[in-house]
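We did not get these values from a lab; they are worked out from the coordinates using the rules stated. Everything numeric here is computed off the predicted structure, so don't read it as measured data. Neighbour counts run over all protein chains shown; Cβ positions are idealised from the backbone, glycine included.
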Amino acid sequence: MPHAATDDGQSLYFEEAGAATGTVIIFVHEFAGDHRSWEPQLRHFARWFRCVTFAARGYPPSSVPVDPTAYGQLRAADDIVAVLDAIGAAKAYVVGNSMGGFAALHCALRHPDRVIGAVVAGCGYGAHPVQNPRFRTESEVIARAFDEDGPEGVAEWYGVGPARVQFQNKDPRGHSEHVQILREHDPTGAALTMRNVQITRPLLFAMSDELKECARPVLVIAGDEDDGVLDAALMLKRTMPRTGIAILPRTGHVSNLEEPAAFNHLVERFVLGVGSGGWGRRDPRSQTSSLTGAP
C-alpha cells in the first residue's frame, strides 16, 4: 500500500486514480469520513485528472500517533504537501470538506506555491468567536465519547446529527455507507484529532489579515441547512480577494456525498475557470458602500 512520509515521522496512506501524469486534484476528508469518502469525486474526475485521496493522521491505514502534539491544524495542512511530495507533484488543486476544508484553506495560506486553487466545503464550525465556546464544549463531549463508548457508540448519534439527516433522508443507502466509515474509526486517533485539530484550530474570524492576503483562487461550498458554516462561508467570500461561493439548497454537511453531481459540477467549473485564467480578483467596482451605484 502506498504511503507518504511526513517530516515528523508519520505515515499517510493514499490512493491514486486517473492519469499517471497531468494536473493533480487532491481530496481531503472530513472528521467523520476517511479516504473512501471521495469515491463519487474520484470516479468523476479521474477521467481527466490525476486524483489523489489520503487518510489523515489518526485514521488507519495511516499512522495513529498517541502523542497529542503530533496533531494540529498546521500539521494537517503540511500533510497535504507531504502527499504531494510522495507522488512527485509540484502543485495541485486541493479539495476538502469540513475538517478537510479547513486543511485545504490553511494549505492555500501556508503553501501557496503548492496550491493551484482550493475548494473549501463545509468549513466553519467553531469559526465565530461567539459560537466557538459551544463548539469546543460539544467537541470535548465527542472526544470523550470516543474514549468511553468507541466509534460504534458515537456513530449512533453523530451520524444523524442536525446537518447529516439531510443525507439520510435523500439517500439512505449512501448515508449508511457514510456512517459505517465512522463506525470503523480508530478511537484513539478520533479522540486526539477532535481535541488537537478541531478544538484548537485558529478562529477564521480572527484571521482576516491572513485571509485578505490569500493569493490563491478559492471556491467555498456550503449546504444551506449546514447552519454551522454559513456565516463563515459568507465571511470568506467577503474577505478573500479571489473567492466564489456556492450554496446548495436543502443540503447538509457532507455535500460531496449528499449531492455529488452538483458538487462535481461546481468543482469542474472552478477548475476550468482557474485553468483558463478566468478566476481573478474581485472587481473593485463591486466593493463599495453604495448598494446601487447611485451617485
Which condition number in (1) over 20 Å from residue 185 (Cβ atoms); (2) in contact with a Ser or Thr (Cβ under 8 Å, 6 or more places away or on another chain) is the one that residue 18 fails? (2)
Just for segment 130-169: of the residues that are more than 19 Å from the chain's Cα centre (by Cα) and assigned to a loop (DSSP other than H, G, I, E, B), which one is farthest from residue 231 (Cα to Cα)? 160
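Scanning for something buried (at least 23 other Cβ atoms within 10 Å of the Cβ), touching a helix residue (DSSP H, G or I) at 6+ places or on another chain (Cβ under 7 Å) and either not aliphatic (A, V, I, L, M) or not in a loop (DSSP other than H, G, I, E, B) (or both), does segment 3-11 turn up at least one residue?
no
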Could you check residue 210 against (1) surrounded by 14 or more Cβ atoms within 10 Å (Cβ to Cβ); (2) farther than 22 Å from residue 120 by Cα and say which number it fails? (2)
Residues being in contact with a strand residue (DSSP E or B) (Cβ under 9 Å, 6 or more places away or on another chain), within 21 Å of residue 216 (Cβ to Cβ) and not hydrophobic (A, V, I, L, M, F, W, C) - total across segment 256-280: 4
Yes/no for residue 177 being in a helix (DSSP H, G or I) and either farther than 16 Å from residue 30 by Cβ or of a type in the set (Val, Ile, Thr) (or both): no
In segment 45-95, residue nearest to residue 7 (Cα to Cα) [restricted to those that are part of a loop (DSSP other than H, G, I, E, B) and aromatic (Phe, Trp, Tyr)]: 71
Filter segment 25-47 down to the residues that are touching an Asp or Glu at 6+ places or on another chain (Cβ under 9 Å) and within 20 Å of residue 88 (Cβ to Cβ), then identify the one that is surrounded by the fewest Cβ atoms within 10 Å (Cβ to Cβ). 46
Of everything in segment 244-295, what is assigned to a helix (DSSP H, G or I), over 30 Å from residue 162 (Cβ atoms) and among the aliphatic types (A, V, I, L, M)? Give them in sequence order. 271, 272, 274
Scan of segment 240-295 for residues that are β-branched (Val, Ile, Thr) and more than 20 Å from the chain's Cα centre (by Cα), ordered by number: 288, 292
Look at segment 218-243 and say how many of its residues are within 17 Å of residue 256 (Cβ to Cβ) and outside any helix (DSSP H, G or I). 11
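Out of everything in segment 25-44 that is outside any helix (DSSP H, G or I) and of a type in the set (D, E, K, R), what residue ends up being nearest to the chain's Cα centre (by Cα)?
Ranking the qualifying residues of segment 25-44, first place goes to 30.
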Residues that are within 17 Å of the chain's Cα centre (by Cα), under 17 Å from residue 57 (Cβ atoms) and β-branched (Val, Ile, Thr), drawn from segment 170-228: 181, 193, 197, 199, 200
